[in-house]
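Trainee: Below you'll find the structure I mean.
No lab work stands behind these numbers, since they all come straight from the coordinates. Since the structure is predicted, the reported quantities are computational estimates derived from the model, not experimental observations. All Cβ positions, glycine included, derive from the backbone under ideal geometry; neighbour counts span all protein chains shown.
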Amino acid sequence: MKNKITTLLLTFCIAVGAFATPPQHVPGYMGKKLSVGANVSTFFMFEDFSDVTDLIFSTRFSYKTELAATYTVGRRVSLGASYYFAKQKYTSISSDYVFGYNYTTVMPKEDFVDCKLRIVEFNMKIFRRNFLAPIGPYHQIGVGVVKYNASAPGDSIVLVDADSPSQVRGIARIPSDPYSCVKLSYHIGYAAPVFKNCFFNFAFGVNFFRGGDSPKIKTSITSSNYALAMMNKHIRRHNFLEFKIGFSWLAL
Amino acid sequence: MSAKVKYQEDVKQETKTTKKYVSKTKGEFLLQSNYFVDILLQSGKVLFGDSVTNYVNSVADRVLINEPELRAQLTFYTLRSEEPNAFSTDQGMIFVTVGLISQLENEAQLAFILSHEIAHYQKRHTLSVYMEGQRIFSDNTKSRSATLDDKIRNFSNHEKASEYQADSMGLARLSKTGYDCSEAIGAMFVLQFSHLPFDDFAFNSKFYERPMMVFPKSLLLDSIPPIKLDGDSEDDQYSSHPNIANRRSKLEDQLEDLTNCGSSKFASTEAQFYLIRTICRFEVVRLELIARNYPGAIYNSTFLQKEYPQSLYLKRAIGKSLYCMAKYENLGKNNDGTDSYHKVEGNQQQCFYLFQRMSDEQITSVALRYLYDLSKVDSSETILAMRNDLCTDAVFYHNMTMEAMQKSVRTYKEALADTVKPVVDTATKTAEVKKDSSSSPSGYVSKYDKLRNEKKKKEKKEVVEQKNAEVSKFHMLAFGDIIDETGVIRMFEMAESKAEIKTQAKEAKEKKYANMSSYEERKARQKEGKKNNTPTPLGIDTVLVVDPFYLYATEREGYKLLESEAGRYRLCSEVSDVAAAAEMPIVLFQMKEFEKTDIDKYNELALLNEWLEESANHDEVVVIQSETEFASSVCDKYHSDHIMITGVTSIKQHRSNRGGVVLFTILCWPLLPAGIVYALTPEHETYLITGIFNVKSGETEMSRVSRLKAKARSGYIGSQLYDIFTGIKKEPSSTKK
């Protein structure tokens, strides 16, 4: 798996390098080509809504933080690397112990699970005609590696029977080793300069989480892959679309 | 003081005077007049503190000698324009053009014109005409049924009434100054014929001929129609000004009632007036060159040469006119700055006809010979450059090589010798001798002898026709009398080598696209076009940035003048800051940057603006401009050959596809907020226009229009300017090698 990801990243970097060979004159912004910045990404979380009341009152937002560095390599092209981190709450079924007189029963209960998300992404921004990188409207494509896991090592998800949801079949422990997958993304955005060395960044984009550990889910759901399946489903729901806003500083 | 501040002060003053709030229309007028007067004052077209303006002010002092308070409110300026005109503004500025002063006969006529304009100011006619115009053309209630013709007629009636009133008040004021009041009628006469040159005299085309270069009769007019004397009573119902006949008649009526008129035509000395008029006439010649009225400039220069035969200024003006006419012909471009010969009146028609009828090789040879002769007495850089450039054109376009010209001269000389001993006679004589020798004593001529004779006659005739045809190519004989001069030989040697390079470049360009399909050619040209967006490396050390402009317009309200002015000032400081960041030394010519005492810099701005104006007039025609020597002097002072213009046009408009986007986002509901924001926010478009010109060669070395689909933020503008400054600073690759 790791080999596949490495190959993909390498291919991407070579393609980008070939495409973004600087022509003759790369001005950057006032001579500055390297920028560093921070963005936050957010969007509605797509839950299963049963009625309009749910839609209004149950709507929640996903959230991610991004630290980014971008270097201008052509008049209209810049390459960047980003590190995303987030703690996202995925709805899940956790266990609740019901204690009786002489018995203890595990009961399923809908709850949130705190999940850690780490993404390392390489991206390329292509700025619109007549604008000079790194400012102006742009298209961004990116590829990255996603690592996700429960934020606390002991977190568990209850495996319920598909035919009778109230029936608990077992408790799936979330492994300490994080799951991984590949992220492919496309954004359209806008870098608006403010002051002399800064610019605001706005972008709207779509993320696809592919490959990695997810093929394991295709086999039947067991207590060993159940946590992965649950998290994988939610990670896509939470991060499929995103609106990004941030601030960058032109360093060099 | 900016136009915004002046406008605010005017509004305050207006509110104080009328004790009413300033209406929207009046506010618009005050804003527009302040803005455009400011633009005019900053353009360099207005003369300050020079002898002509001082003279106009001294006449104004005399006209207003009894009205010191009114005098204090008024400022008189001379405007560099060849159009004969005068106008006043609501702010108390009165402008008189050099074109008008150059046409006047005496000081009293100038005094009447100033009195007329003072009356316009006193009665606030500019404001009332504007208000009336707004009322008539925007009134949707009373005159809804009125046609556009009716509206124009109503409006022009109001304007005409203002003119009559100003005439009447002007004459009344003139009568109190000691000037001859009848000169008001004289001023009307001047206005009627102000479209004519300074004087009407027979144009001598022989001045441009040379011993072997004689103009054929087809280049000269047989007769010249007389000047129309009855053109003063044309229909004026749609015109802003009454016709001259009506104005004169009203003034004559008023004159009869005036009893205490003076009789002085000149309050200052007569010589001073003529000196000022001559200065204006010299200036008009220069302005005609800028406006590309070349035959007009030649005609007026020829007139002035009668008084100043040794003037290099006038000789240069003629040389520059001939050069530019030849360049336009060689490049096959139409010069819309010059009227067709049948549209001009009087003897100048001959001058227009001569140069307009000449073919491209004829005008090239005439111009080249004139410039060559001129360069012997005036070795200025501009004249030499024009001479050499035109010589290259002569070789490149018309094959006027030294060898070809020498051959033509030989042919001409042979033909000349044959004219003394006519070829046909010799042929006849030879035939007769042959006839005598070949014929038998009985007088019988065989059919072979007859045919032989016929053949020989035909051959001789062909030779004569060929020689005559070669002689008629007078352009090849322009240098016939001096063909062996070292200067001529050297000039043509240089031109031939330059023409060779030009030919090779042309062939290479043609070859490049020769084997391509139309699709490939289009793609290749598109690619070249895209490359042009990258600033051309020019290796420029210093650049003179002339008067950056900024225009802001909205779809609903048109140009927003206050925002435009604020934007212009912002852009100027942006240019300075970015140039400093790019380590590009610039000299910024902008009125706001000047100190009050910066008269030199103001005059330099005027010269650079005039050079740019001429450059804009020439459009795609690459010529060494007539203003080059003046602009070059400014550039030399700042050690640069390059001037740069830059400006921003920003437009705010509604998005065209709002409905579609909202509908789409309703269907994809999570995107709805973005769709609403998209629909509610306007679309901005910004154009950054930049041009870099080489003053000495007249070439546009870089021209770029960047269309940015964004608001004109200083960051975007700065980013583009930085790119340009760093780009042009780089050495071109050929220099590097």
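Trainee: Given Cα pairs under 8 Å that are at least 6 residues apart, what percent is the relative contact order of the range B:44-272? Walk me through the intermediate numbers first.
Mentor: Details: 277 pairs, mean separation 50.5, N = 229.
Relative contact order of the range B:44-272: 22 percent.
Trainee: Report, ordered by chain and residue number, the aspartates and glutamates lying within cross-link reach of B:Lys265, taken as a straight Cα distance under 13 Å and ignoring same-chain residues fewer than 8 apart.
Mentor: Leaving aside aspartates and glutamates fewer than 8 places away in the same chain, those within reach of B:Lys265 are B:Glu105, B:Glu107, B:Asp180, B:Glu183.
Trainee: Suppose R0 equals 56 Å. What FRET efficiency, 1/(1 + (r/R0)^6) with r the Cβ-Cβ distance, do A:Asn197 and B:Glu620 give to the nearest 0.05?
Mentor: Details: r = 41 Å, r/R0 = 0.74.
Result of the calculation: an efficiency of 0.85.
Trainee: What list of ³J(HN,Hα) couplings, whole Hz, do you get for the range B:318-329 from phi and the Karplus terms 6.51, -1.76, 1.60, once you set θ to phi - 60° and write x for glycine and proline?
Mentor: Couplings: 5, x, 5, 4, 4, 4, 5, 4, 5, 5, 4, 5 Hz.
Trainee: While we're here: Can you pick out the pairs among A:Lys196/B:Lys637; A:Lys147/A:Lys244; B:Lys523/B:Lys696; B:Lys45/B:Lys123 whose Cα atoms lie more than 23 Å from each other? Don't jump to the answer; show the numbers that get you there.
Mentor: Numbers: A:Lys196/B:Lys637 33 Å; A:Lys147/A:Lys244 20 Å; B:Lys523/B:Lys696 34 Å; B:Lys45/B:Lys123 27 Å.
Long pairs (Cα-Cα over 23 Å): A:Lys196/B:Lys637; B:Lys523/B:Lys696; B:Lys45/B:Lys123.
Trainee: If amide H atoms are built 1.01 Å from N in the plane of the peptide, which residues on other chains or at least 5 residues away come under 5 Å of the amide H of A:Leu159?
Mentor: A:Arg169, A:Gly170, A:Ile171, A:Ala172
Trainee: Please arrange B:Val395, A:Val160, B:Val677 by how many other C-beta atoms lie within 10 Å of their C-beta, fewest to most. Walk me through the intermediate numbers first.
Mentor: Details: B:Val395 22, A:Val160 16, B:Val677 10.
Fewest-to-most ranking of B:Val395, A:Val160, B:Val677: B:Val677, A:Val160, B:Val395.
Trainee: Let me ask another. Over the range B:283-377, what relative contact order in percent results from Cα pairs under 8 Å that are six or more residues apart?
Mentor: Values: 85 pairs, mean separation 30.6, N = 95.
Here the relative contact order equals 32 percent.
Trainee: Mind checking which of B:Val395, B:Tyr274, B:Pro309 is farthest towards the positive end of chain B's charge dipole, using Cβ charges of +1 (Lys, Arg) and -1 (Asp, Glu) about the Cα centre?
Mentor: The residue sitting farthest along the positive end of the dipole is B:Val395.
Trainee: Still on this structure: Between B:Gln406 and B:Ser380, what FRET efficiency follows from the Cβ-Cβ distance if R0 is 25 Å, with the result rounded to 0.05? Walk me through the numbers before you get to the answer.
Mentor: On the way: r = 30 Å, r/R0 = 1.18.
It comes out at approximately 0.25.
Trainee: To the nearest whole number, what is the average tally of beta carbon atoms from other chains within 10 Å of the beta carbons of peptide B:718-729?
Mentor: Values: counts 5, 11, 4, 2, 7, 9, 1, 1, 6, 3, 0, 0.
Mean partner-chain Cβ count within 10 Å for B:718-729: 4.
Trainee: From a point 7 Å beyond the Cα of A:Tyr83 in the direction of its Cβ, which residues of the range A:93-123 have a backbone N at a distance under 11 Å?
Mentor: A:119-121
Trainee: What are the GluC sites (Glu not before Pro) within the range B:1-75 that DSSP puts in a loop, where the Cβ has at most 12 other Cβ atoms within 10 Å?
Mentor: Values: sites: B:Glu9, B:Glu14, B:Glu28, B:Glu69; in loops: none.
Here no loop site has a sparse enough neighbourhood.
Trainee: Got a sec? How would B:Ile728, A:Ile157, A:Ile126 order by Cβ neighbour count within 10 Å, fewest to most? Don't skip to the end; give the middle numbers.
Mentor: On the way: B:Ile728 23, A:Ile157 26, A:Ile126 15.
Listing B:Ile728, A:Ile157, A:Ile126 from fewest to most nearby Cβ atoms yields A:Ile126, B:Ile728, A:Ile157.
Trainee: If you don't mind, there's one more thing I want to ask. In whole angstrom, note down how far apart the Cα centers of the range A:157-218 and the range B:349-374 are.
Mentor: That distance is 80 Å.
Trainee: What list do you get for B:Trp669, B:Trp611, A:Trp249 if you sort them by fewest beta carbons within 10 Å? Kindly include the intermediate steps, with their values, before the conclusion.
Mentor: Values: B:Trp669 11, B:Trp611 26, A:Trp249 14.
Ordered from fewest to most neighbouring Cβ atoms within 10 Å, B:Trp669, B:Trp611, A:Trp249 come out as B:Trp669, A:Trp249, B:Trp611.
Trainee: Per residue of the protein assembly as shown, what 222 nm ellipticity follows from adding -39500 (n - 2.57) for every DSSP H run with n ≥ 4, rounded to the nearest 500? Walk me through the numbers before you get to the answer.
Mentor: On the way: 31 runs with 472 residues, N = 989.
Taking each H run of at least 4 residues, the total per residue is -15500 deg cm²/dmol.
Trainee: What is the average number of partner chain Cβ atoms found within 10 Å of a Cβ in B:579-591? Numbers along the way, then the final one.
Mentor: Details: counts 0, 0, 4, 3, 1, 0, 0, 0, 0, 0, 0, 0, 0.
Neighbouring Cβ atoms belonging to other protein chains average 1 per residue here.
Trainee: Something else now. Once you wrap a convex hull around the alpha carbon atoms of the range B:608-723, what is its projected area averaged over all directions, in nm²? List each step's numbers first, then the result.
Mentor: Working: hull surface 38.9 nm².
Orientation-averaged projected area of the Cα hull: 9.7 nm².
Trainee: How many nm separate the modelled label positions at B:Phe201 and B:Ile224, each set 7 Å beyond the Cα in the direction of the Cβ?
Mentor: Calculated label separation equals 1.1 nm.
Trainee: Between B:Val545 and residues 5 or more places away or on another chain, which pairs have amide H atoms under 5 Å apart, with H built 1.01 Å from N, and which residues are they?
Mentor: Result for B:Val545 returns B:Val587, B:Leu588, B:Phe589, B:Met644.
Trainee: Okay, moving on. Counting other C-beta atoms within 10 Å, and keeping those with at most 14, which DSSP coil chymotrypsin sites (Phe, Trp or Tyr not before Pro) do you find in the range B:649-737? Please list the in-between numbers first.
Mentor: Details: sites: B:Phe664, B:Tyr678, B:Tyr687, B:Phe693, B:Tyr716, B:Tyr722, B:Phe725; in loops: none.
Listed in order of number, the matching sites amount to none.
Trainee: How tilted is helix B:599-618 with respect to the longest principal axis of chain B? Cα atoms for both, answer in degrees (0 to 90, nearest 10).
Mentor: 60
Trainee: Per 0.36 nm of contour for each residue apart, how much would the distance between A:Val40 and A:Phe208 grow if the chain were fully extended, relative to their Cα-Cα spacing?
Mentor: Details: separation 168, 0.36 × 168 = 60.48 nm, distance 1.82 nm.
Length difference between fully extended and current span is 58.7 nm.
Trainee: Checking the cross-link filter: which aspartates and glutamates have an alpha carbon closer than 13 Å to that of B:Lys509, excluding same-chain neighbours under 8 positions apart?
Mentor: B:Glu521, B:Glu528
Trainee: Right, something else. For the protein assembly as shown, what does the alpha-carbon gyration tensor say about shape, rounded, prolate or oblate, given a ≥ b ≥ c as the root eigenvalues, a/c under 1.5 as rounded, and a/b over b/c as prolate?
Mentor: Details: a/c = 3.05, a/b = 1.63, b/c = 1.87.
It is oblate, given that a/c is not under 1.5 and a/b is not larger than b/c.
Trainee: Continuing with the same structure: Helix B:148-175 against the longest principal axis of chain B: what's the angle in degrees, Cα atoms only, rounded to the nearest 10?
Mentor: 90
Trainee: Per residue of the range A:105-113, what does 6.51 cos²θ - 1.76 cosθ + 1.60 with θ = phi - 60° give for ³J(HN,Hα)? Whole Hz please, x for Gly and Pro, Karplus curve as stated.
Mentor: 10, 8, 10, x, 8, 6, 8, 9, 10
Trainee: Let me ask something additional. What FRET efficiency would be calculated for the residue pair B:Phe664, B:Asp50, taking the C-beta separation as r and a Förster radius of 56 Å, to the nearest 0.05?
Mentor: My answer for the efficiency is 0.30.
Trainee: Of all DSSP beta bridges in chain B, what percent run antiparallel (nearest 5)? Before the final figure, lay out each step's value.
Mentor: Details: 28 of 48 bridges.
Counting only bridges with both partners in chain B, antiparallel ones make up about 60 percent.
Trainee: Using +1 at the Cβ of each Lys and Arg and -1 at the Cβ of each Asp and Glu in chain B, identify which of B:Pro537, B:Leu258, B:Val52 lies farthest towards the dipole's positive end.
Mentor: B:Pro537
Trainee: Further, regarding this structure: Please state the Cα pair-distance histogram of the range B:44-272 with 10 angstrom bins from zero: what percent is in each bin?
Mentor: 7, 27, 31, 19, 11, 5, 1, 0
Trainee: Can you compute the equivalent ellipsoid semi-axes for chain B, i.e. the square root of 5 times each eigenvalue of the Cα gyration tensor, sorted largest first and rounded to whole Å? Working shown, then result.
Mentor: Details: eigenvalues 618, 325, 136 Å².
Its equivalent ellipsoid spans semi-axes of 56, 40, 26 Å.
Trainee: Provide a whole-number value for the mean count of partner chain Cβ atoms within 10 Å of the Cβ atoms in peptide B:667-676.
Mentor: Numbers: counts 0, 1, 2, 5, 2, 0, 2, 2, 0, 0.
Mean inter-chain Cβ contacts per residue within 10 Å come to 1.
Trainee: What's the magnitude of the charge dipole for chain B around its Cα centre, counting Lys and Arg as +1 and Asp and Glu as -1 at the beta-carbon? Answer in Debye, nearest 20. Intermediate results must be reported in sequence, preceding the final value.
Mentor: Details: 97 positive and 104 negative charges, 530 e Å.
Magnitude of the dipole: close to 2540 debye.
Trainee: Now a separate question. Find the relative contact order for chain B and round it to a whole percent, using C-alpha pairs within less than 8 Å whose residues are 6+ positions apart. Working shown, then result.
Mentor: Numbers: 989 pairs, mean separation 84.6, N = 737.
The normalised contact order for chain B reaches 11 percent.
Trainee: Quick one: Karplus J couplings for the range B:542-552, per residue in order, coefficients 6.51, -1.76, 1.60, θ = phi - 60°, nearest Hz, x for Gly and Pro?
Mentor: With coefficients 6.51, -1.76 and 1.60, one gets 9, 10, 9, 9, 9, 6, x, 10, 8, 10, 10 Hz.
Trainee: Okay, moving on. For the range B:168-211 and the range B:491-518, compute the distance between their C-alpha centroids and round to whole Å.
Mentor: Their Cα centres are 52 Å away from one another.
Trainee: Now, a different point. Just to confirm my understanding: which cysteines in chain B have no other cysteine beta carbon less than 4.7 Å from their beta carbon?
Mentor: B:Cys280, B:Cys324, B:Cys351, B:Cys391, B:Cys572, B:Cys635, B:Cys668
Trainee: If each of B:Tyr519 and B:Glu485 carries a label point 7 Å out from its Cα toward its Cβ, how far apart are those two points in nm?
Mentor: 5.9
Trainee: Can I ask one more? What residues have an amide H closer than 5 Å to that of A:Ala150, excluding those fewer than 5 places away on the same chain, when H is modeled at 1.01 Å from N in the peptide plane?
Mentor: A:Lys116
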